[in-house]
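A.B. asks: This is the structure I have questions about; it appears just below.
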Amino acid sequence: MLGAREMASMAATGRGTMNELSRMAAATLERDTADPAIEFEGRWYSWSDVRALANQVDGLIDASGAVAGAPVVFIARSQAAAIAAFLALIRTGRTIRMVYPFQSQAGIARDIARLKPAVVIAAEREIGDEVREAIREQGASVILISEMSAQALTGFERSTAALPEDLSVEPQIEILTSGTTGKPKPFAVRHEMLATHFTGNSAAIFGKDDKPVEPLPALLYYPLGNISGLFSILPSLLNGYKLIVQDRFTVKGWRDYIVTYRPPASGTPAAAVQMILDADLPPEDLASIQYFSTGAAPLDPRVQRAFEERYGIPVLLSYGATEFGGPVCAMTPPLYEQFGVAKFGSVGQPFGGARIRVVDAETGEELQAGQEGLLQVISPKMGPDWIHTSDLGMIDEDGFLFLRGRADGAIMRGGFKLLPETIQEALLGHPAVSAAAVVGIPDRRLGQMPAAAIQFKPGVEEPNVAELEAHLREKVLATHIPGRWLIVDELPKTVSLKVDRPAVIALFSKEDAGGAAVQ
C-alpha cells in the first residue's frame, strides 16, 4: 500500500483517484528490498534504491509548489536514475512531456518554450545557459538526476508556471516519433492505453521452451522518450523484472548481454543487423538464440539472408509506428514455422485485432492482393479509424505484408520520380558497402537530384566513385545515378538507429560550404 507521503503526493495532482497505470507503478515501487532491479554501467541498483529516488523526485515536485496536474518536461537519457524518476511520475498520474537530449541546447530550449512545463527533470549536462534561460522564462523548477539521486537546481527550486491551455484532463505521456523524415514530433499516449495494451505483454525473456523459471533481465538501449523505450521498460518494470540499461546500442554491449544470459530469443533495430555482421561475431556467441526479431525500419533482404546464413537464426520482421501505438504486423515463430522461406522478406500478418489495406495513391481505392500501393492501418490501441501512412506496400493472397519503401521520400529529377530505396538497395549489393543513404538535394536545372552517402565495411578495399557508378549502372536506370557522393565513416542515425535523413541532407549542405570531403 502507499504510504502517507505518497498518498499526499497523489492528491496533489488534483486527480482524486489513481488510474490503473499509476496503481501498477505504485505497487512496483513498494518493492522496498535489497533485490537487484536495474543494472547501469556495471552497477546493480536495488528496488530500495529505485524507491528512494522516486520518493525524492515526488518530494522535490511537491516542494516546488508546482500547480496540481501541471505537466513535467522530462529530458530523459537511458540511465537507472531516469527510469526511477519515470516510475515516480507515472505513480502520481502526471502528464509527462518527453524531450530528446540528443540535440543542441537551442533545440532543447525551443522544446521547453513550446511545451510550457511546470517542472523540468534532466541530467545536469542537459541544462546549459540557453536551456536555463528558457526554463526561467517559463517559471519552471528544475530537478537534476544523477546516478541514483535527485536534487533541485540552485535558483530553480520553485515553480510559478501556470497550467497550459492545451493540457489534457487525462494524464498522458507525450512521447516522440523517431524523426526519420523530419523533426521528431510529440505524440500523446494515454495512461489507460498503456495499462491496457503494454503492461500485460512482458518484454522479459523466459527460459527455453517457456519453462516457468525466473525470467532473464530485459535489455534496454532505446531512449525512454519514444515508443520502443516505453515498450521495453514498462512491461518489465511494472511486472517486477530486472532491467539492464545501456545508454545506446553498441554491438559490444548487446553481445555481452547475449553471452552472459544466453537468451532463447533476441532482436535489435534493423540498422544493427549489419553492424553485427560487420563486427564478425562468432556464431557460438549467438548459439542460444532461436529467433531474432527486428523492426523500426526496413531490413535489406541481402542483410537478412547474410545474417541467417552466418548464424543459422531465422530473422522475424515486424511493422509498426508510434502512431499505431507500436507494432501491428509481425512474422511470429508459428508463422515462420508454417510458411518458412516462402514468405522471405515479409513483415508478417496483422495481430492483436489490427487491420491493414493497400490503396491507390491517386484515387484512394482499395487494391487487390499482389498490388502495390499506400498502406493504411487500423490499430485497436489507437481507435477505430484508418490511419493513413506514406509507406508503400503489397499484401499477398495469404495476408502477408511486404514493404516497398516510402512514397513521401520520392526524388523528382527533371520529371522522373525516383525512390531512394531503389538506389540504396542497388548500392548495398556492392560487396564493399555496409550502409547507404540516398536523399534528394536541390538542383537548379533539374529541381532535385539524388545524392548518396556511403559507409564501407571495415577492412575492405574501398572502391572509388567511378566504380560505384559502374556497379549502379548495371542495376538501375541512368536517371537513378547520384549526382553527388559522400563517403562517411558512419551514417548519422536517429536515437532509434534509423538513418537520420535530415542529417544526411545537412552533410551535403556542409560540403557545399567546404566542410566535408566528397569523392
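A.B. asks: Identify the residue in region 58-113 that is basic (Lys, Arg) and part of a helix (DSSP H, G or I) and, among all such residues, is surrounded by the fewest Cβ atoms within 10 Å (Cβ to Cβ).
C.D. replies: If we take residues in region 58-113 being basic (Lys, Arg) and part of a helix (DSSP H, G or I), then ARG110 is surrounded by the fewest Cβ atoms within 10 Å (Cβ to Cβ).
A.B. asks: OK, next. Just to be sure before I move on: is ALA37 part of a strand (DSSP E or B) and either of a type in the set (Gly, Ala, Ser) or on the phi > 0 side of the Ramachandran plot (or both) in the structure I sent?
C.D. replies: It is true that ALA37 is part of a strand (DSSP E or B) and either of a type in the set (Gly, Ala, Ser) or on the phi > 0 side of the Ramachandran plot (or both).
A.B. asks: Could you tell me whether region 470-488 includes any residue that is closer than 28 Å to GLN246 by Cα and not hydroxyl-bearing (Ser, Thr, Tyr)?
C.D. replies: yes
A.B. asks: While we're on this one: Would you mind finding the one in GLU147, GLU165, GLU192, GLU157 that is at pLDDT below 95, more than 24 Å from the chain's Cα centre (by Cα) and charged (D, E, K, R)?
C.D. replies: GLU165
Residue-wise test of (1) touching a helix residue (DSSP H, G or I) at 6+ places or on another chain (Cβ under 8 Å); (2) not polar (S, T, N, Q).
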| site | (1), (2) |
| --- | --- |
| VAL358 | no, yes |
| SER379 | yes, no |
| ASP391 | yes, yes |
| PHE402 | no, yes |
| GLY409 | yes, yes |
| ARG413 | yes, yes |
| LEU418 | yes, yes |
| ILE423 | yes, yes |
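A.B. asks: In region 485-510, which residues are in contact with a helix residue (DSSP H, G or I) (Cβ under 7 Å, 6 or more places away or on another chain), surrounded by fewer than 18 Cβ atoms within 10 Å (Cβ to Cβ) and modelled with pLDDT under 85?
C.D. replies: Scanning region 485-510 gives no hits.
A.B. asks: Only one of (1) farther than 26 Å from ASP280 by Cα; (2) touching a residue at least 60 places away in the same chain (Cβ under 8 Å) is not met by PRO458, so which one is it?
C.D. replies: All conditions are met except number (1).
The values are calculated or read from the model by the stated rules, or taken from the named source; none is laboratory data. Here the structure is a predicted model, which is why all the values come from computation and not from measurement. A quick note on method: Cβ atoms are made from the backbone with ideal geometry, for glycine too, and the neighbour counts reach across all protein chains shown.
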